[in-house]
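Nothing in this text is a laboratory measurement; each read-out follows from the coordinates by a stated rule. Please read all numbers here as calculations on a predicted model, not as lab measurements.
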Amino acid sequence: YDLSPSGEGLYMPPSRNDEEQIRYRTHQKFQAIIASAVANTEGNGKNTYLLLGPIGTGAFFNDKKMIAELFFDILNNSLMSSNKAIRYAFEEIWFVSTNSLEVFENVFGKH
């Protein structure tokens, strides 16, 4: 979250009334989270697990399908100068949720 006095920090919460802004800023936040996880992997990612869940779908009421689609997009694109999708930086990626697992399975299973 933006803790800078100028309001130009790493992340600014989106307006709750602007779906496009919610999607864009949530995508930025998830990219930062996953880039941080990649930066903390050792070597080729063997024995490295990424745990994800339906972030923002509880108190913030974000759409579960949108969250799953954002994770799918980020994990299937490269990071910086890499030629491989980010998902290959991890041996396994787990979605930790019993209530939303079907939504994630549907989004990831279609591709």
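General observations
- The three principal axes of the Cα atoms in segment 19-109 give end-to-end lengths of 37, 28, 22 Å, sorted in falling order.
- Distant-in-sequence amide H partners of ASN77 (H built 1.01 Å from N, under 5 Å): ILE86, ARG87
- Vicinal HN-Hα couplings computed from phi for segment 72-84 (Karplus, 6.51 cos²θ - 1.76 cosθ + 1.60; Hz; Gly/Pro x): 4, 4, 5, 5, 9, 10, 7, 10, 6, 9, 6, 8, 9
- Residues whose amide H comes within less than 5 Å of that of LEU52, counting only those at least five positions distant or on another chain, are TRP94, PHE95, VAL96 (H built at 1.01 Å from N in the peptide plane).
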